[in-house]
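Working notes, structure below.
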Amino acid sequence: MGVSGSGKTLVATLLAERLDSEFADADAFHSAASLHKLRSGNPLTDRDRGPWLRALAAWIDAVCSEGKRGVLACSALKRSYRETLTAGRDGVRLVYLKGDAELIARRMKQRHGHFMPSALLQSQLDTLEEPQADENPIVVSIDTDPGEIVAEIIAELEK
């Protein structure tokens, strides 16, 4: 989890490969209307996110019901969103990719063709509710190489 530009998709893809797990990018679950809204520079509301979160929870349930492991790249900026994804799912672990706004803004300006404009970064930072200790998050700094981030996550998962 983390704001747009924190490296969620890249890190989650690498992590899923290393763990031989199913992978999904939450961005692929957004409705066309939500994507249009974001591309237009308008942040999503909680109401916009409801069906999206339910679809993500269904993906988690489907992977688990097949006896597989999964890695989901998802912003999950608010605690209530994370609760929707983790409620009744004891095996779900939260990984928070944490970084400072300047680094993330630089990354967002360097990428091309992404639906999330860098102008919405501040909105994401304003919405972000960092995970608390009772959520048992793995918190990883994004100011290093993605391979090192993945290694740190795996080391924490193995504890």
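Taking A28, is it in contact with a helix residue (DSSP H, G or I) (Cβ under 6 Å, 6 or more places away or on another chain) and either surrounded by fewer than 19 Cβ atoms within 10 Å (Cβ to Cβ) or not in a loop (DSSP other than H, G, I, E, B) (or both)?
Values: in contact with a helix residue (DSSP H, G or I) (Cβ under 6 Å, 6 or more places away or on another chain): no; either surrounded by fewer than 19 Cβ atoms within 10 Å (Cβ to Cβ) or not in a loop (DSSP other than H, G, I, E, B) (or both): yes.
So A28 does not fit the description; no.
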The range 1-25: number of residues that are buried (at least 18 other Cβ atoms within 10 Å of the Cβ), closer than 20 Å to E148 by Cβ and of a type in the set (G, A, S)
6
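Based on this model, can you work out whether V92 counts as out of contact with any Pro (no Cβ under 8 Å at 6 or more places or on another chain), assigned to a strand (DSSP E or B) and under 19 Å from V140 (Cβ atoms)? Give the steps one after another, and end with the answer.
Details: out of contact with any Pro (no Cβ under 8 Å at 6 or more places or on another chain): yes; assigned to a strand (DSSP E or B): no; under 19 Å from V140 (Cβ atoms): yes.
In short, no.
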Looking at the range 36-45, is at least one residue charged (D, E, K, R) and not in a helix (DSSP H, G or I)?
no
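Within the range 27-50, can one find any residue that is under 23 Å from V150 (Cα atoms) and free of Cβ contacts under 8 Å to residues at least 24 places away in the same chain? Even if it seems obvious, please write down each step before you answer.
Quick first cut of the range 27-50, residues under 23 Å from V150 (Cα atoms) only: 27-28.
Restricting the remaining residues to those that are free of Cβ contacts under 8 Å to residues at least 24 places away in the same chain gives 28.
Yes, that holds for at least one residue.
Listed here are the residues, each with its yes/no results for (1) modelled with pLDDT of 95 or more; (2) over 23 Å from D134 (Cβ atoms); (3) in contact with a helix residue (DSSP H, G or I) (Cβ under 9 Å, 6 or more places away or on another chain).
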{"site": "G5", "(1), (2), (3)": "no, yes, yes"}
{"site": "L15", "(1), (2), (3)": "yes, yes, yes"}
{"site": "S65", "(1), (2), (3)": "yes, yes, no"}
{"site": "L85", "(1), (2), (3)": "yes, no, yes"}
I'd like to verify a number: residues in the range 142-153 that are exposed (fewer than 14 other Cβ atoms within 10 Å of the Cβ) and modelled with pLDDT of 95 or more, how many?
2
Among (1) at pLDDT 95 or above; (2) among the hydrophobic types (A, V, I, L, M, F, W, C); (3) farther than 17 Å from K78 by Cβ, where does V92 come up short?
(3)
Residue by residue through the range 51-71, note down the ones that are surrounded by 15 or more Cβ atoms within 10 Å (Cβ to Cβ) and in contact (Cβ under 8 Å) with a residue 40 or more places away in the chain.
V63, G70, V71
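Name the single residue, out of those in the range 49-90 being small (G, A, S) and more than 17 Å from the chain's Cα centre (by Cα), that is nearest to D20 (Cα to Cα). Talk me through it step by step, then tell me what you get.
If we filter the range 49-90 for residues that are small (G, A, S), which is where we start, we get 50, 55, 57-58, 62, 65, 67, 70, 73, 75-76, 80, 87-88.
Add one more test, that the residue is more than 17 Å from the chain's Cα centre (by Cα), and what stays is 62, 65, 67, 88.
Working: A62: 17, S65: 17, G67: 13, G88: 24 Å.
This residue is G67.
The values are calculated or read from the model by the stated rules, or taken from the named source; none is laboratory data. These numbers were taken from a predicted model, which means no experiment stands behind them. As a convention, Cβ positions derive from the backbone with ideal geometry for all residues, glycine included, and neighbour counts pool all protein chains shown.
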